[in-house]
Amino acid sequence: MNTYLWWRDGVIYQIYPRSFADSNGDGLGDLPGIIPRLDYLADLGIDALWLSPIYPSPDRDFGYDVSDYCNVDPRYGTLADFDRLVAEAHDRGLHLILDMVMNHTSDQHAWFQESRSARDNPKRDWYIWRNQPNNWQASFGGKAWEFDQPTGQYYLHLFTKEQPDVNWRNPAVRQAQLEAFRFWMDRSVDGFRLDVFNAYFKHPDLPDNPPKFGLRAFDRQKHIYDIDQPEMLPLLNELRALLDSYPERYSVGETYQASPQKTVAYCGPDKLHAAFSFDFTSNELSFPWNPGWIKEQIARREQIFNKAGVWPTTVMSNHDLPRAASRYAKGEQDAQARIALALLLTLRGTPFMYYGEEIGMRDIAVRRSEILDPPGRKYWPIYKGRDGCRSPMQWDNGKNAGFSSAKPWLPVHPDYLQRNVAAQAADPDSLFHFTKKLLSLRKTFPALQGGDYNPLESPPGTLAYLRSMPEQSILVAINFKSRTTEFVALQGKWQLLLSSHEESTGTLAPYEVRLAIKES
Ligand code: GLC
């Protein structure tokens, strides 16, 4: 019996549409640009696409400030282009999920324009207005309340002041937002990523958050009243019922201030299908990278997710983080990038791969004067923002890396002359082929999809585990270090499936990634 389920057993590939492929020469990626790349994506071996927001947006947070939930930004194309993209993706067996940004809208959304126009406007209560602010802080810096002169009240915004938080307690808002999900499912979208979903509800009395130790003003508060309120669970039940009224739809939540415990509480048969726990990336200022720490993180999430019966997700890179290849690799060496990809694609959980991760794209260096991202402008130089990981996809060594005929909205990484899809596709030893091989092994061997995770004892500097099901057992062994290491021989006969090194013996070569299957 074929029990393959795309969102559980497959791999989801995140496209940041502004930076993927520009079809009309305006320096911004767009939907018609993605369509001719679908064959590439299908051939790579991924199963689904997640598009970062494609809706009309004034771009104060680069698409995460939505001014119309049921349309496509004209710079990205039209609804007809979108329908074509979905149909062409489906033709190739690729599913497609959209990013729903429903904690807040843009301040240019018609709802907010109405809401701010008068205290007695019928949409006034669609947002959160008060005479006096409390002590809440915006996650992108500054206070979470903005005074609006014309009507003499403050409105709440947990992100930039151009992203007012909607009032999910208002039944009309709830209905309008759920309608947007329906709108896209009627256009055959397969699922949704929910942006900061656990911030939708705020405590009704808006009490001050208590203090705690932290770096930024935002971190010096315990976020007990502005996020994770109990009303979220009944809403998730309602949303799930709506999703389940269509065949095989999927939801994955971006857990704001994630922890595995918090994440699993939002998932289940009548809640979200999955949510991010960010086990390897949750500390945004420093990113530990050693096998001991990684093993502990895996053990923690395995225990919590297993106990809750929730299927985990694995993230190494996304549009909010420095890319894994930039965090862990030295210069243009790809040894650590290979390791990060091996973990992404062999741990238990749905892998979310970020565009360009398959070729080890690095973050661009952005000068202070070039920073576009709001938190980067606010916190430079402590935090340089997220522009670095959003640079144009490196397709080939032609003009603008084959991304656009015009100057791209963010600079292309200067390494594109060597690091690009075309060059790596032509080199059987490239990271691209390594990624492709891992993707194909994952697809071929069910143990790499649904198998249990069993850690093995291994020498310092290495990490080893089995992914096992009764009829199949696969070994993953990784050497993080630059020296050859003894590797404990395993019982039984093992057949090599993949090694980043030619000779595979009783030792692990420097930085080796090895996969082997037990022969029966
Ligand atoms: C999420 C998004 C991020 C965005 C923020 C506000 O964290 O991933 O890119 O800036 O929400 O919408």
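Of note:
- Filter result (in a loop (DSSP other than H, G, I, E, B) and without any contact (Cβ under 8 Å) to a residue 24 or more places away in the chain) within the stretch 491-519: 491, 501, 502, 503, 504, 505, 506
- Restricting attention to the stretch 205-216, the residues that are in contact (Cβ under 8 Å) with a residue 40 or more places away in the chain, under 18 Å from residue 140 (Cα atoms) and open to solvent by less than 40 Å² (accessible area, probe 1.4 Å) total 1.
- Sole exception among (1) closer than 30 Å to residue 202 by Cβ; (2) open to solvent by 50 Å² or more (accessible area, probe 1.4 Å) for residue 16, by number: (2)
- Within the stretch 177-198, tally of residues that are within 16 Å of the ligand (Cβ to nearest atom) and without any contact (Cβ under 8 Å) to a residue 24 or more places away in the chain: 0
- Extreme residue, most open to solvent (accessible area, probe 1.4 Å), among residues of the stretch 375-384 that are free of Cβ contacts under 8 Å to residues at least 40 places away in the same chain and within 16 Å of the ligand (Cβ to nearest atom): 377
- Of the set (1) under 25 Å from residue 372 (Cα atoms); (2) in a helix (DSSP H, G or I), all apply to residue 439 but (1).
- Candidates 94, 38, 51, filtered to the one that is in contact with a Pro (Cβ under 8 Å, 6 or more places away or on another chain) and aliphatic (A, V, I, L, M): 51
- Residue check for residue 356: away from the ligand (no atom under 16 Å from the Cβ) and open to solvent by 20 Å² or more (accessible area, probe 1.4 Å): no
- Residue count for the stretch 79-107, restricted to those that are assigned to a loop (DSSP other than H, G, I, E, B), open to solvent by less than 10 Å² (accessible area, probe 1.4 Å) and more than 13 Å from the ligand (Cβ to nearest atom): 1
- The residues listed here are 192, 140, 147; of these, the one that is within 22 Å of residue 241 (Cβ to Cβ) and not acidic (Asp, Glu) is 192.
- Residues located in the stretch 140-168, provided they are within 12 Å of the ligand (Cβ to nearest atom) and at pLDDT below 95: 140
- Meets criteria (without any contact (Cβ under 8 Å) to a residue 12 or more places away in the chain, open to solvent by 10 Å² or more (accessible area, probe 1.4 Å) and more than 16 Å from the ligand (Cβ to nearest atom)) for residue 333: yes
- Odd one out for residue 289 among (1) open to solvent by 10 Å² or more (accessible area, probe 1.4 Å); (2) farther than 22 Å from residue 460 by Cα; (3) touching a Lys or Arg at 6+ places or on another chain (Cβ under 8 Å): (2)
- Consider the stretch 385-401 and keep the residues that are over 19 Å from the mean Cα position of the chain (by Cα) and not aliphatic (A, V, I, L, M). The one that is surrounded by the most Cβ atoms within 10 Å (Cβ to Cβ) is 394.
- Unique match (being of a type outside the set (S, T, N, Q) and modelled with pLDDT under 95) among 16, 4, 64: 4
- Residue within the stretch 484-499 that is under 17 Å from residue 342 (Cβ atoms), surrounded by 14 or more Cβ atoms within 10 Å (Cβ to Cβ), in contact with a Ser or Thr (Cβ under 8 Å, 6 or more places away or on another chain) and not β-branched (Val, Ile, Thr) present: yes
- Residue within the stretch 108-130 that is charged (D, E, K, R), within 16 Å of the ligand (Cβ to nearest atom) and open to solvent by 40 Å² or more (accessible area, probe 1.4 Å) present: no
- Residue 50, sole failed condition from (1) over 23 Å from residue 443 (Cβ atoms); (2) within 18 Å of the chain's Cα centre (by Cα): (1)
- Options 23, 52, 67: the member that is open to solvent by 10 Å² or more (accessible area, probe 1.4 Å) and either within 16 Å of the ligand (Cβ to nearest atom) or at positive phi (or both): 67
- Residue in the stretch 154-177 that is open to solvent by less than 40 Å² (accessible area, probe 1.4 Å), out of contact with any His (no Cβ under 6 Å at 6 or more places or on another chain), closer than 30 Å to residue 9 by Cα and not charged (D, E, K, R) present: yes
- Scan the stretch 303-320 for residues that are within 16 Å of the ligand (Cβ to nearest atom) and not charged (D, E, K, R) and the total you get is 6.
Okay, residues lined up against (1) touching a residue at least 24 places away in the same chain (Cβ under 8 Å); (2) of a type in the set (A, V, I, L, M); (3) within 25 Å of residue 174 (Cβ to Cβ); (4) in contact with a helix residue (DSSP H, G or I) (Cβ under 8 Å, 6 or more places away or on another chain):
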| site | (1), (2), (3), (4) |
| --- | --- |
| 6 | yes, no, no, no |
| 44 | yes, yes, no, yes |
| 54 | yes, yes, yes, yes |
| 61 | yes, no, yes, yes |
| 81 | yes, no, no, yes |
| 86 | yes, yes, no, no |
| 113 | no, no, yes, no |
| 116 | yes, no, yes, yes |
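The values are calculated or read from the model by the stated rules, or taken from the named source; none is laboratory data. For clarity, every value in this text was computed on a predicted model and none was experimentally measured. Using ideal geometry, Cβ is built from the backbone for each residue, glycine included, and neighbour counts are taken over all protein chains shown. Just the protein is used for accessible areas: all its heavy atoms, side chains included, with ligands, DNA and RNA removed. Shrake-Rupley method; radii C 1.70, N 1.55, O 1.52, S 1.80 Å.
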